[in-house]
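Presented below is the structure to which this report refers.
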Protein chains: 2
Amino acid sequence: MNTFLERCQQIVGADFVLTDDAEKLSYVTDYRQRFIGRALAVIKPANTLEVAAIVKLCAEHKVAIVPQGGNTGLVLGSVPDQSGNAIVLSLLRLNQIRAIDAINNTITVDAGCRLTQVQDAATSIQRLFPLSLASEGTCTIGGNLSTNAGGTAVLHYGNCRALCLGLEVVTAQGDIWDGLRGLRKDNTGYDLRDLYIGAEGTLGVITGALFQLFPLPQSQLTALVALNSVADAVALFHLARSNSKDTVLSAFELISSFCLELVGKHFPAIRQPTLAAHPYYVLIELSSQEPEANSVTALENLIELAMEQGIVHDAVLASSLTQSNALWQLRESISSAQAAEGKNIKHDISLPISNIAAFIDATDAQLQKQFSGCRMVTFGHLGDGNLHYNVSAPLNDSHDEFLAQQSAVNRVVYDSVAHFCGSISAEHGLGALKHDEILRYKSPVEMQLMRQIKQALDPHNIMNPGKVVTPF
Amino acid sequence: MNTFLERCQQIVGADFVLTDDAEKLSYVTDYRQRFIGRALAVIKPANTLEVAAIVKLCAEHKVAIVPQGGNTGLVLGSVPDQSGNAIVLSLLRLNQIRAIDAINNTITVDAGCRLTQVQDAATSIQRLFPLSLASEGTCTIGGNLSTNAGGTAVLHYGNCRALCLGLEVVTAQGDIWDGLRGLRKDNTGYDLRDLYIGAEGTLGVITGALFQLFPLPQSQLTALVALNSVADAVALFHLARSNSKDTVLSAFELISSFCLELVGKHFPAIRQPTLAAHPYYVLIELSSQEPEANSVTALENLIELAMEQGIVHDAVLASSLTQSNALWQLRESISSAQAAEGKNIKHDISLPISNIAAFIDATDAQLQKQFSGCRMVTFGHLGDGNLHYNVSAPLNDSHDEFLAQQSAVNRVVYDSVAHFCGSISAEHGLGALKHDEILRYKSPVEMQLMRQIKQALDPHNIMNPGKVVTPF
């Protein structure tokens, strides 16, 4: 192994082969601090050629590689296991914006660029890079691609996959595939791009990417509305899709009343809008290329129509950007408020929109039956069919005792998700956390196809082993 | 082989195993009538289970399978070679709309449904299925998926890949993968869906699909404008993207003056708009969820701005649906007019939009140098970077003599496409026609990755052999 590390040093320079435990700690520690792995070394190449040389060396020595960006993943996909046999391959030094093409409306970036860096580069030429999520200041675009990140702009712009036109990848053999094509149409063989996107570093290392850019919206307007049920929220979504006219329905977020209650309890400084108490709320956002007056009319008309139809019972319209941001702040404080309330059991799930109301009714009831008094923290991107369906301990119960039942709670929720034709990971991926769980929910045929692909592209299983799928 | 055919008959019934040459003829004949292959038999299963049984039988007997939908492909992807060893597996009897979900805005269909059948099913519940192309009455949705079809709606809605949420596929081993998920977000492993889409039947047989549906536009408005150059057309595209306000720029088609001239010569009954003669024209379409008056204003303002900037020199605005259709008829008659003028050499290519003007200048010049007097029939989906860059024989020259130089003409065009970072197949795929050509333009690393995938999923090379890529 000394020879191996010496050769790593020759490739990237001694300063960029970290072997000291203290230096390695942040790279082997899970973002949510639940897990600390071990690594032979953390290697920090400066560019694609160095990445390729390191991967080639690892292939020769059969050393496992854990590719890592900002290490903000939520499913233990970007940290090594506790064997200490793997290297962490940090992409953070690949952090250049390579090119911006204002005519083709594309941007080419290194995989290690922070998401905000890509957003800012787009804004600098009056374009929008729409991907946006909570960890955007820390996460890297390569990690976003490897997990096919979602976030708040999916409803109109799609997920990370939909934004990407081309990739540069170092294969498990250490070859460089230059697929950085800036084309909207290209039908010349298998879709390798979409195979590496979402593969969580188990098929190769994404080192660069080319994305589409979009016009910047001229105005954005939000409203928070009160409803009696999830079924009404789904009805409102349908109404909004068919009645937002030419404005863009850019967000449609479900928030249960208990979520707002938690925010009020733990963040009393955040002003709550004056809305009659209802079981559910929806945050709607309309975006437009025209002055705000247009969106105001569209949103007022929509809410008036929904009230006439008995779907919406109360509403607050933001009449300024400040008010709009305040409504978003409520939505974005839910996770922190929930954490302040105590540990809880999270589920990042998706469903056909037509099944969401029935899913929540059935699963809430089943959970109450089995875990009496548990408190549902239900919110999420309803317009994408994506729920953060989290379960908090009953009031006054021990959180640790409740957490001991995590597997049983997961089982109820995931079995119900499967029953309602949904997915047990909408945004976060499988990582190591759901590597076994998925075997219960995906068909043997699909798992077999995934193993065949893994085996074909990474026959020695050196790319992020133990994540997503294990070959034969 | 008799045993094999008898077992096929047991699976699908004797009526659906065609072995008579006359009965087989249309299934083994290329859409453009350039090629007639041979087949052991044409097999027409009734449903997915029968498809799976036939594929399993073929795997056992190592019989090659050519999956076929409407057989309207343009690159010899859906017809067998002349060995006579393969079966044609026709999906035409799998022609049911399986389900429509108006709340989830999705439709589930058999692969053998005609494209118009899917469009009509969507329209019947006031939704849009946007995929639209010339052969839509004949082609099937399974073929559209297998070639990742483009067409006229790509600019706003994306290609066939972007519309599809889930697939049902019979693997090369005869297993059924049920991936018919109606989810906007699902990050649970490798993207098998996008691997089968665009694979031209070389990895498995698509038997069913689940698609997104969209709101029907309330109004659509077109204009034909006259310009001096392709560079001005690109400038107009940029202007249109940033100034169409909240209307949707739904088409942006480049048409060279020679194209309109050919339409005028061969279809004198089609009325040509009164426009001053210019080298290029652009057909613009704006779509809207609001009454037409909005789009009229947006389009008038856009054209006025473009005229002020010296980009557009003359324009005709359609003021009714009839006028709008007449402008589209001009565009859609180009291919037939070109055929009426004589045989020609076609190229379905794509480029970064920022390179299109330079590509046309350089390639036109090179072609004139090598094939003096050849006539360029240049048109296509400029907004997608997709050109139909076709070359007709010089006036008075023999078309057959000119066609004999097809390879040399292809070489000039494709080498130039590669130089300007484009693709030699934007919409049509590789099929057998470009199976060898692509080796010149794709990197060995990319071809190797494609071979590894083909080898992994179809180790006996029975799925549409000789198309796209040949394994080791």
* To do: For segment B:149-164, name all the residues that are touching an Asp or Glu at 6+ places or on another chain (Cβ under 9 Å) and surrounded by 24 or more Cβ atoms within 10 Å (Cβ to Cβ).
  => B:A149, B:G150, B:V154, B:N159
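I'm trying to understand the selection: among the residues of segment B:367-385, which are basic (K, R) and in contact (Cβ under 8 Å) with a residue 12 or more places away in the chain? Lay out the reasoning, then the answer.
Kept after step one, since they are basic (K, R), are these residues of segment B:367-385: B:369, B:375.
Listed by number, the list holds a single entry, B:R375.
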* Asked: Is it true that some residue in segment A:58-65 is among the β-branched types (V, I, T) and either in the same structural domain as A:N148 (by TED's automatic domain parsing) or within 16 Å of A:C139 (Cα to Cα) (or both)?
  -> no
* Subset of segment B:386-408 [touching a residue at least 60 places away in the same chain (Cβ under 8 Å) and closer than 19 Å to B:F258 by Cα] -> B:N386, B:L387
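Anything in segment A:443-472 that is outside any helix (DSSP H, G or I) and over 29 Å from A:C58 (Cβ atoms)? List them, or say none. Step through it out loud before you land on a result.
First pass over segment A:443-472, keeping only residues outside any helix (DSSP H, G or I): A:443, A:458-472.
Scanning segment A:443-472 gives a single hit, A:S443.
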* Asked: Can you name the condition, by its number, that B:I103 falls short on among (1) out of contact with any Pro (no Cβ under 6 Å at 6 or more places or on another chain); (2) in contact (Cβ under 8 Å) with a residue 12 or more places away in the chain?
  -> (2)
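Could you tell me which residue of segment A:13-36 is farthest from A:N47 (Cα to Cα), considering only residues that are part of a helix (DSSP H, G or I) and hydrophobic (A, V, I, L, M, F, W, C)?
Start the filter on segment A:13-36 by keeping residues that are part of a helix (DSSP H, G or I), which leaves A:14-16, A:21-28.
Of the ones still in play, those that are also hydrophobic (A, V, I, L, M, F, W, C) are A:14, A:16, A:22, A:25, A:28.
Details: A:A14: 15, A:F16: 12, A:A22: 25, A:L25: 23, A:V28: 22 Å.
This residue is A:A22.
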* Residue in segment B:128-144 that is of a type in the set (G, A, S), within 14 Å of chain A (Cβ to nearest Cβ) and under 30 Å from A:L239 (Cβ atoms) present -> no
* To do: Enumerate the helices (runs of 4 or more DSSP H) found wholly within segment A:187-291, keeping only those where 3 or more residues are in the same structural domain as A:L155 (by TED's automatic domain parsing).
  => A:192-196
* Asked: If we keep just the residues of segment A:82-117 that are closer than 20 Å to A:E427 by Cα and not in a loop (DSSP other than H, G, I, E, B), which is least open to solvent (accessible area, probe 1.4 Å)?
  -> A:L115
* What single numbered condition from (1) within 24 Å of B:P471 (Cβ to Cβ); (2) part of a loop (DSSP other than H, G, I, E, B); (3) without any contact (Cβ under 8 Å) to a residue 60 or more places away in the chain fails to hold for A:Q173? -> (3)
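When the residues of segment B:193-203 are filtered to those that are touching a strand residue (DSSP E or B) at 6+ places or on another chain (Cβ under 7 Å) and on the phi < 0 side of the Ramachandran plot, which remaining residue is most open to solvent (accessible area, probe 1.4 Å)?
Just the residues of segment B:193-203 that are touching a strand residue (DSSP E or B) at 6+ places or on another chain (Cβ under 7 Å), to begin with: B:193, B:196-197, B:201-203.
Next, from what is left, pick out any that are on the phi < 0 side of the Ramachandran plot: B:193, B:196-197, B:202-203.
Values: B:R193: 54, B:Y196: 8, B:I197: 0, B:T202: 0, B:L203: 1 Å².
This residue is B:R193.
Every residue, every condition in (1) touching a Ser or Thr at 6+ places or on another chain (Cβ under 6 Å); (2) hydroxyl-bearing (S, T, Y); (3) under 16 Å from B:T19 (Cβ atoms); (4) not in a helix (DSSP H, G or I), yes or no:
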residue	(1), (2), (3), (4)
B:A46	no, no, no, yes
B:L49	no, no, no, no
B:C58	no, no, yes, no
B:V66	no, no, yes, yes
B:T72	yes, yes, no, yes
B:V79	no, no, no, yes
* Asked: Just for segment B:118-127: of the residues that are more than 14 Å from chain A (Cβ to nearest Cβ) and open to solvent by 40 Å² or more (accessible area, probe 1.4 Å), which one is nearest to B:S219 (Cα to Cα)?
  -> B:T123
* May I ask you to list the residues in segment A:424-442 that are within 7 Å of another protein chain (Cβ to nearest Cβ) and within 15 Å of the chain's Cα centre (by Cα)? => A:I424, A:S425, A:A426, A:E427, A:H428, A:G429, A:L430
* **Residues being surrounded by fewer than 18 Cβ atoms within 10 Å (Cβ to Cβ) and more than 14 Å from chain B (Cβ to nearest Cβ) - total across segment A:279-308** => 6
* Please state which one of B:F420, B:F472 is surrounded by fewer than 22 Cβ atoms within 10 Å (Cβ to Cβ) and touching a Lys or Arg at 6+ places or on another chain (Cβ under 7 Å). => B:F472
* Asked: Taking into account only those residues within segment B:334-367 that are away from chain A (no Cβ under 14 Å) and in a loop (DSSP other than H, G, I, E, B), which is least open to solvent (accessible area, probe 1.4 Å)?
  -> B:G342
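How many residues does segment B:443-462 hold that are open to solvent by less than 50 Å² (accessible area, probe 1.4 Å), facing another protein chain (nearest Cβ under 7 Å) and free of Cβ contacts under 8 Å to residues at least 40 places away in the same chain?
As a first pass, look at segment B:443-462 and keep what is open to solvent by less than 50 Å² (accessible area, probe 1.4 Å): B:443, B:445-447, B:449-450, B:452-454, B:456-458, B:461-462.
Those still in the list that are facing another protein chain (nearest Cβ under 7 Å) too: B:443, B:445-446, B:449-450, B:452-453, B:456-457.
Now restrict to residues that are free of Cβ contacts under 8 Å to residues at least 40 places away in the same chain: B:443, B:445-446, B:449-450, B:452, B:456.
The qualifying residues number 7.
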* Take the residues in segment A:234-254 that are among the hydroxyl-bearing types (S, T, Y) and open to solvent by less than 20 Å² (accessible area, probe 1.4 Å), then tell me which one is nearest to B:S244 (Cα to Cα). => A:T247
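For segment B:99-122, which positions are of a type in the set (A, V, I, L, M), in contact with a Phe, Trp or Tyr (Cβ under 8 Å, 6 or more places away or on another chain) and within 20 Å of A:C421 (Cβ to Cβ)? Show your work before the answer.
Initial filter on segment B:99-122 (of a type in the set (A, V, I, L, M)): B:99-100, B:102-103, B:107, B:109, B:111, B:115, B:118, B:121-122.
This time we only want the ones that are in contact with a Phe, Trp or Tyr (Cβ under 8 Å, 6 or more places away or on another chain), so: B:107, B:109, B:118, B:121-122.
Answer for segment B:99-122, where residues must be of a type in the set (A, V, I, L, M), in contact with a Phe, Trp or Tyr (Cβ under 8 Å, 6 or more places away or on another chain) and within 20 Å of A:C421 (Cβ to Cβ): B:I107, B:V109.
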* Are any residues in segment A:56-70 under 15 Å from A:N85 (Cα atoms) and crowded, with 18+ Cβ neighbours inside 10 Å, and if so, which ones? -> A:L57, A:C58, A:A59, A:V63, A:A64, A:I65, A:V66, A:P67
* Asked: Looking only at segment A:368-410, which residues are within 15 Å of the chain's Cα centre (by Cα) and in a loop (DSSP other than H, G, I, E, B)?
  -> A:G385
* Structure fact -> Residues in segment B:211-229 that are over 24 Å from B:E300 (Cβ atoms) and open to solvent by less than 10 Å² (accessible area, probe 1.4 Å) total 2
* Restricting the search to segment B:176-186, which residues are over 26 Å from the mean Cα position of the chain (by Cα) and either free of Cβ contacts under 8 Å to residues at least 40 places away in the same chain or not in a strand (DSSP E or B) (or both)? -> B:K185, B:D186
* From (1) within 9 Å of chain B (Cβ to nearest Cβ); (2) small (G, A, S); (3) in contact with a Lys or Arg (Cβ under 7 Å, 6 or more places away or on another chain), pick out the condition that doesn't hold for A:G166. => (1)
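Listed here are the residues, each with its yes/no results for (1) open to solvent by less than 60 Å² (accessible area, probe 1.4 Å); (2) closer than 20 Å to B:N464 by Cβ.
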{"position": "B:Q10", "(1), (2)": "no, no"}
{"position": "B:D20", "(1), (2)": "no, no"}
{"position": "B:R34", "(1), (2)": "no, yes"}
{"position": "B:L40", "(1), (2)": "yes, yes"}
{"position": "B:P45", "(1), (2)": "yes, yes"}
{"position": "B:T48", "(1), (2)": "yes, yes"}
* Residue in segment B:309-327 that is hydroxyl-bearing (S, T, Y), part of a helix (DSSP H, G or I), open to solvent by less than 40 Å² (accessible area, probe 1.4 Å) and in the same structural domain as B:A235 (by TED's automatic domain parsing) present -> yes
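The values are calculated or read from the model by the stated rules, or taken from the named source; none is laboratory data. From a predicted model like this one, the values you see are computed outputs, not experimental measurements. Positions of Cβ are generated from backbone atoms using ideal geometry, with glycine treated the same way; all protein chains shown enter the neighbour counts. These accessible areas exclude ligands, DNA and RNA; they are computed on the full protein's heavy atoms, side chains included. Shrake-Rupley method; radii C 1.70, N 1.55, O 1.52, S 1.80 Å.
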